Structures are given as C-alpha cells and as structure tokens.
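Beneath this line is the structure, given in structure tokens, with notes to follow.
The values are calculated or read from the model by the stated rules, or taken from the named source; none is laboratory data. Remember, predicted model here, so these are calculated numbers, not experimental data. Glycine also receives a Cβ, built like all others from the backbone with ideal geometry; neighbour counts cover every protein chain displayed. Surface areas here come from the heavy atoms of the whole protein model, side chains and all, with no ligands, DNA or RNA. Shrake-Rupley method; radii C 1.70, N 1.55, O 1.52, S 1.80 Å.
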Amino acid sequence: MKYFKLIALFIRATVQVQLEYRSGTFGRAFANVLSSATTLLLLWAMFQQVSSIGGWSFDQVLVLIGIVTTIDYVVEIWLYPSLSKITTYVQRGEFDVLLVKPVPSQFLVTFRYLQVLDVLGLLVGLGIIGTGMYRTGSLEFINFALLAVFLVAGLVIIYSLYLALSTLAFWFTRIEEVASMIWLHSTAGSFPVAAYPPWARLLFTFVLPVAFVTNVPAEAATGRLSWEWGLGGLAFATLALCGATWLWSLAIRNYSSASS
Amino acid sequence: MPSLKALRAMLALHYGISLQYRAQSVLWMINGTVPLIMMLIWLQLAEDGPIGGYDATTFAQYFLFMFLARQSTPTWVIYLMDRGVKNGELSPHLLRPMHPMWHYASEHWGELMARLPIILPMVAIGIAIADAWSWSLLAHLPAFVLGLMMAWLINFAMHVTVGLIAFWSDNALGYDTVIYQLYIMLGGVVVPVELFPQTVQSILAWTPFPYVLDFPVRVMIGRIEGIDVLAGFGIQLFWIVALGAFFTWGWRKSLKRYAAAGA
Amino acid sequence: MSAIIQLDHLCKDYEVHQKEPGLMGSLRSFVRRKYQLVPAVKDVSFEIEQGEIVGFLGPNGAGKTTTLKVLSGLLYPTSGHARVLGFTPHERKADFLKSITMVMGQKQQLAWDMTPSDSFLVNQAIYDVSDADFRRRLGELTEMLELQPVLNKPVRKLSLGERMKCELAGALLHGPKILFLDEPTIGLDVNMQQAVRRFVADYNVRTGAAVMLTSHYMADVEALAERVLVIDGGQLVFDGNLSALVAERAPNKVLKLQLAHPVSPERLSVFAPVRMMEGLTAELLAPRGKVAEIASRILNDVPVADIAIEDMPIEEVVGRLFQRKPPIEAVREAAK
Ligand SMILES: Nc1ncnc2c1ncn2[C@@H]1O[C@H](COP(=O)(O)OP(=O)(O)OP(=O)(O)O)[C@@H](O)[C@H]1O
Ligand SMILES: [Mg+2]
C-alpha cells in the first residue's frame, strides 16, 4: 500500500515539473504523432515494393510497429527518465541519499520519474496494435490476454537490460552512452527477426533480444505464437529480471562497503 | 565572419575536445546504425530479384554511403541553443566579435574530424564484405563530397532555424525530435527515396529533406548523372540561401528576447 | 572629450511567468500562463569618461549585472539608450565587441576539457591579436596573476579561484578599452584579490581604459574606485565620489574609547549614542561638527585610557544606504 502511495507521490512531483515546461510537452506529443505517421508511411512505401517482409504481411508488421511504438513510449515516459538518473546519482555521489531511505533502492530508482503526461504516444501505439489486429481478423479475447502477458514480459526484459546497463555505472563512469544502446530496440525491433540474415537473427534473439521484446507479443496478438517461443519469452524475462536485480544488489553492497 | 586563422584555431580546439570523448563518438555510431540495419533487411528482400530497379549491390552501396552521409551530417545544435538560452551559456559567445553559430559549427566540424577516421574504415569494410565495389564510384567521389558539404549546411541551417524556438518557448528540445524524425525518415535512411510511391516523391521534391541524405548518396552510386547532378546542386544551394536568410532574419528578432540568464 | 559610456534613462524589464505552488497551481499555469514583467532597472542614467574606474554598488538583485549586460550588448534595453564608444551596444558590431570585455562570475569562456592556453590561442585568433601583442599581454597576465602553474592544466581540474583568474586573463588578452567586471574577485583568496586589484589599477593607468566594477567586497571598491554608483531596487541612488558618499551618508564619526574601569552604557549614552560596547571598549557616534566637543566632555567625565576618532567603515555607510532607513533609527537599533 505504502508503495502505491509513493508511486502516486512520485507521479505528482514529475507531472508538476512537466507542467512547468509546457511547450516541451506539446512538442513531444507532436513529435510522437509525427514519428508514428512517418513510420507508417515508410512501412506502406516498403509494401508497395514487396508483398511480405520475413514472411509477415503488411497487417502483421503493422501490429509489430504498434508494439514497438507502445514499448518505446513506456521507455520514454518511464524507464528512461527514471533509470538514466542512476549514472547521474553515481557520478555526483548523490547515491547515499537514496540508500538511507527506508524503501528498497531499486524501487526508488525504478519509479522515481513517471512522466504520465506523455500518455498520448501510448494511445497511438495501442491504436496501431488494435488496427492491425482488426485487419488480420484476430480480435479475440485469447489474443488480447496473450498480448497483455507478452507485452509485460517484453517490458520486463527491456527494463532489466536497461537497469543492468545503468548499474554498470557503479564500476565504469561514462556508461550512459552505452546504456542508450537500449534505443536500438525500436529500429531493430520494427521488423520480423526472420527478415534478417541468420547471424543477425541470433544477435537479435539472445544479445539484443528484440525477438522476445517485440516479435513475440506481435505473434501473440495475431494468434500465431508457438508455445516454444512463448515459453522462451517468459523464461527470458524471468531470468533477465533476476539477473538485473542480482547485479543491482551486488552494486549496492559494493558501493556501501566502499564508501564507508 | 571569423578569419581563417580563427576558424583553424577553433577547429583544433574542438577536435581536441572530441578526442577526449571517444565514448560519445561510439554513441553516435550506435544511433547512426539504422542504415546498416536497413541494409540487412533490404538485402534479404532483394534475394528474389531487384526491387524498383535496386539490386542487391545497389542496396548495399546505397545504405553504406547512406551510413556515411548520416554520420557526416548529424547535429546537436538545437540542444546547444536550448541550453545556451536557458542557462545563459550563449552570453560568452555573444560577447565575441563573431556570430555564435561559427562556434557551434566548428564544434560540429571538430567532432566530425574525430569521427570520420572511425566511420570511413567501417564503410570500406562494409563494401568489401558486401562485394559492392566498382571503379565508377571513384569518379563520383568529388561530386559526392561537394554534395555532402552542401547537405551539411542545409541540415545545419534547418536545425538552427528550428533552434530559434528556444528563444520563444521554454523547451525547444521537443521540436528537435520533430526535425530529426523528418531528416531521418524522409531522407532515405529507411527506404530509398526512389522507392517511395511517385506521389510522395513529388511532394518531397519541394522540401529540403531529400537533398540532405538521399541526393548525395544517389550521386555517389551513379543513380543521378549528368545535368541532373548540377540541377541538384542548384537546389541544394537554393535551400542553403533560403534557410540561411530566414535564420538570419529570425535570429535578429529572437535575440531581442534573450535574457542572458545567470551570474 | 565626451563620455565613452552614456546611459540615458535605461529601463529593463524581465518577463517571468508566475506559478502558484502545488499541483493545482501547476495545472492552472499550464493552461493559462500568467506572465509578469519584473522591472530590474528603472530609469538609470549616468556617464563615464575615459580612464575612469567606477565602482558599481548595490545589494543582491539591485540590477547591477543587468545594467552591465545592457552596456555590453547582451540585453536589449526595454527603453532608454545606451552608447558605448559611440556604438549602440545591442547591435553588437564587431569593432565594438573587440574594444570591450565583460567578466562575469563563472561564465565559461574557457573550454572545460582543454587547457587555458588552448582557449587563449582561440581568443587570440578570434580577436585578431598579433603574436607580439599576445605574447606580451599573456606574459604580463601570467606574472601578475601567477598563472604559470595552471596554464597547461585542463580547466575542469582547476580550483574555483584558478579558473576565475584564467577567465580574467582570457578576457583581457585582446586589450579592451572598456572593462565591465562583474564581481571579478569572487572566490579568490585575499592575496589574489589584491593581485587582481593591482592588475586592474595598473591596466587602467597604462592603457587609459575605463573600468566598471561591481563587487560585494568593499575593499575592491575602496582600493580601485574614486567614483561610485549606488543602485538599489533598480534605481540609481548615488553617483559621486566615494569620500563624498561617506561625508553625505555618514554624518557621524566614530569615537573609539578604551576605558580604564568598567562603565555602564547608560552613563556613556548621555554624551552620544552608543554603537558598540564590549567590556572595556566602547564606540560612540558623534556628529561631525561636534566630535571635538563631545570628546573633551567624555575625557573630563569618564575614566578613559585611550581615545581615537575614525570615519565610519565604508561597508557600513553603503550597507546603510541599502537599508533605506533614516540613519538615526539605524543608530538606535545598534544601540540596543
Ligand atoms: N534572466 C532573468 N529573468 C528574470 N529576472 C531576472 C533575470 N536576471 C535578473 N533578474 C531579476 O532582475 C533583478 C536584478 O538582477 P541583477 O542580476 O541585475 O542583480 P545584481 O545587482 O547583479 O545582484 P547580485 O549582487 O546578486 O549579483 C533581480 O530581481 C533578478 O531577480
Ligand atoms: Mg550580479
């Protein structure tokens, strides 16, 4: 209960800051809509030339784009604002302030900045998913349920990766550049993994796992998910979350013992 | 207009600074890999035969030089202007007998000098792997370089013009994303402009976007030739002058609103 | 020759948006933003001649920096005119910018990641300074400000004071005819403060440059400026000689007494208001005309071991100007 209250407080504080910069809010919303529009334009242009990409039809890729858009906005309004501060805390030595609070530090760094004002982009993403599902004729309850499950799993993977990369800041100082690698998922993940040459498929499954983050939810939404990939996605998400949490606790232990 | 000696000194300074931030160059490279990712996709698609006149070799050449063009033209000047206006970091530049844009531009050029030695070998390796070399490329090189230089100016002029928003509103960075999206998406980084539907192409022809990335790249791979190259240079020049004039006018208006925050 | 700096009825307003506290306040100001014009400088006029060093005093937020920013061309005046060396500053002509300099606190004209020498070389090129001039000036600056050990260290590794010294050096390499110095000694230790003062005074004598200087260290002003401008709440409240300021605003002299035996303050206050009393030392305020008379009455009446008559410290004179209270009240408060 206390944690929900804290999250509400964090949101409130972040919103207040956001309201200060109002044209920034407008500009971002405009940019979000525009970027979705241009992405769709490009997708349409591509399908003027070819009939399928990696065996996926236009409507199936449409769902994929919707999922990338959705995940992108979650990263933009939540993960990036919160997790990118880790490197700043560490560099400025402000970490002690977090550690003395009677709340787990991972919770604090995860939920501190939730820029809920930018939800518009999220709606655009969900709208694109819905349109794609409608056009592929897969508007069924089971598909929605599976989509929800694997979208969350995908987010968990992205979160874990980002957290793990940012945690490296405790050991390597100028890590934020590397951590911003996380944005690659939105380009690489906009296409079916099957559209890449074989060596790149391996890369995008196990190293930068866009296969699990974007492809699996899109397959789930269109009722094409095989149980192997489904189980693989859930397993990957669980492992990633455990790994990132473990790395975090290791970093915190190191940090406290080093600074005392 | 600073003297050549001043330009050289500023370039040397910023080159020195960039060398200290190799890590940042890595970031640029990662963010600029979109053309390479798209090359993988299109190569795979072209396995069953050419698409819209582009065969596998053309795709490889297009996206490798697109990668080079993309890496030669990035700008973060809106970010610099936003910070300059908000924190008053523009003040020391305004006190110098030289337009502050010279300072920003030389920062970009110095950084470019540090980045190109990493990028050029990557392009060469890419061409070798994709087996996309042809001697005709060499003949197009001078026109490509000239086109890229003009492209840099168009892109910079576009961005500084949008950057003027920083004087009028509290956060110009949102618009940075807008212009960046257009520059990437409509420039041919994802889909070669020639493969756009005809109507879209004819609308785009009225905007500066295809002249930043797509035009020089097409000149390089020989898909624009003869008199059309000259016409393209003419249009590039037009955009530089038009955007430059608009910026100069806007700059004068905007500066009145500068509040020189700080101290 | 006429004045090289002329300021004529300058007003400068800043636009700031108002925000009420709390989430609802934020929301309201998001929907309808209220802007308010904050006048920072109100109708200020003055002239400065070639070769003058002028101290520009005033409490925090008085409008000193704002005035200097208008004079150096960073800000457009809201109304009124500025003319500096015959130029209108905000037009920012290259010839104008080459003849002035402005030093503001920690404003970075030095490249953070490079050494001061690197930045100086860039400045040389930008301001078209000949090699001979550059070497000579840099030599002088290096010697006077003791820059040698820091010239080739990255700026980000310098201490606050070292950075300030380098800023100052970088701002003077082009040999400006007018120096706008906004708190140039901030963050410097006492020795360096003196070095900077000596340097500015010397520069002024050798080149005949005009200097306008703000500082919260009264010692800077005392050492450098004959003339002072005092600004408060955006309005010019005094323009004249430092000694005239003291005479005008400090009608009292300070009588310092060293007592032989303890005496109650009440007994002393019969003669004149007591400013300070601590053990056997006491300070009384005596009006200028009656100092001698009061002193002799005290000597007759009270066991005094030693007596001295001094002017009020400048800090207090100026400080009192800012408080805008009638002097007598301030005296009463001090006596309590
Ligand atoms: N950029 C700005 N936007 C809005 N208000 C400003 C701005 N700069 C200054 N002000 C306001 O204008 C007034 C004058 O400020 P100024 O910086 O000129 O004071 P100052 O005399 O230099 O004070 P200090 O001794 O503290 O440096 C202050 O009330 C300040 O809050
Ligand atoms: Mg000030």
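The table below gives the values:
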read-out	value
Anisotropy class of chain A from Cα gyration tensor, a/c 1.5 cut	prolate
Cα-based reach from residue C:34 at 20 Å (exclusive), listing aspartates and glutamates while leaving out same-chain residues under 8 positions away	A:20, B:170, C:13, C:15, C:20
Chain B: angle of helix B:4-20 to the longest principal axis, Cα-based, in degrees nearest 10	70
Net length gained if the chain between residue A:37 and residue A:3 were fully extended (0.36 nm per residue, minus Cα distance)	8.5 nm
Neighbourhood charge, 14 Å Cβ-Cβ cut-off, centred on residue C:46 and excluding it, Lys, Arg +1 and Asp, Glu -1	-2
Region C:60-116: C-alpha gyration tensor shape, a/c 1.5 cut-off, then a/b vs b/c	oblate
Neighbouring partner chain Cβ atoms per residue of B:6-13, average, 10 Å criterion	5
Theoretical FRET efficiency, 1/(1+(r/R0)^6), r = Cβ-Cβ of residue A:207 and residue C:142, R0 41 Å, to 0.05	0.15
Total accessible surface hidden between B and C, rounded to 100 Å², 1.4 Å probe	2700
Sequence-distant residues sharing a close amide H with residue C:231 (under 5 Å, placed H)	C:57, C:58, C:237
Shape of region C:1-156, Cα gyration tensor, a/c cut at 1.5	oblate
Top of B:144, B:238, B:209 by mean-square fluctuation, Gaussian network on chain B, Cα under 10 Å	B:238
Estimated [θ] at 222 nm from DSSP helical runs (n ≥ 4, -39500 (n - 2.57)) normalised by residues in chain B, nearest 500	-23500 deg cm²/dmol
Accessible area in the full protein assembly, largest first, 1.4 Å probe, for C:24, B:101	C:24, B:101
Within the accessible area of the protein assembly as shown (1.4 Å probe), percent carbon and sulfur	62
At least 20 Å along the helix axis (C-alpha) and Kyte average at least -1.0, DSSP helices within chain A	A:2-20, A:22-49, A:58-74, A:119-135, A:141-167, A:227-259
Charge dipole (chain A, unit charges on Cβ, about Cα centre) - positive-most of A:127, A:237, A:8	A:8
Sequence-distant lysines (8 or more away, or on other chains) whose Cα lies within less than 18 Å of residue A:2	A:101
Between helix C:22-31 and chain C: long-axis angle, C-alpha atoms, 0 to 90°, nearest 10	50
Cα centre as origin, Lys/Arg/Asp/Glu Cβ charges: the protein assembly as shown dipole, Debye	1040
Dipole of region B:4-255, positive direction: furthest Cα of B:73, B:221, B:103, with charges on the beta-carbon	B:103
Between A and B, accessible area buried - total, square angstrom, nearest 100, 1.4 angstrom probe	3100
Model label zone, residue C:37; criterion: amide N under 20 Å from point 7 Å along Cα-to-beta-carbon; scope region B:235-257	B:253-257
Partners for residue C:253 among lysines (Cα-Cα distance below 25 Å; same-chain residues under 8 apart left out)	C:290, C:325, C:336
Rounded to the nearest 20 debye, dipole of region B:1-127 from Cβ charges on Lys, Arg, Asp, Glu	660
Chain A, helix-only ellipticity at 222 nm - DSSP H runs n ≥ 4, -39,500 (n - 2.57), divided by all residues, nearest 500	-22500 deg cm²/dmol
Bins of 5 Å from zero: percent of alpha-carbon pairs in region B:1-142	2, 9, 15, 17, 15, 13, 10, 8, 6, 4, 2, 0, 0
Unit charges on C-beta of K, R, D, E only; dipole of region B:4-255, Debye	980
Principal-axis tilt of helix C:116-126 within chain C, Cα atoms, nearest 10 degrees	60
Residue C:278 versus residue B:203: modelled label distance in nm, points set 7 Å from Cα along the beta carbon direction	8.0
Modelled FRET efficiency - R0 35 Å, residue B:261 with residue C:311, Cβ distances, 0.05 increments	0.35
Highest-fluctuation residue, C:293, C:162, C:283 considered, GNM on chain C with Cα pairs under 10 Å	C:293
Per principal axis, descending, Cα span of region B:4-255 in whole Å	59, 41, 32
Per DSSP, loop GluC sites (Glu not before Pro) in region C:20-104 with at most 15 further Cβ within 10 Å	C:49
GluC sites (Glu not before Pro) lying in DSSP loop within region A:18-123, provided at most 11 other Cβ fall within 10 Å	A:94
Across B:86/C:153; C:93/C:153; A:85/B:86, pairs whose alpha-carbon gap is larger than 26 Å	B:86/C:153; C:93/C:153
Evaluated over the protein assembly as shown, the Cα radius of gyration and Dmax, each in Å	33.7, 119
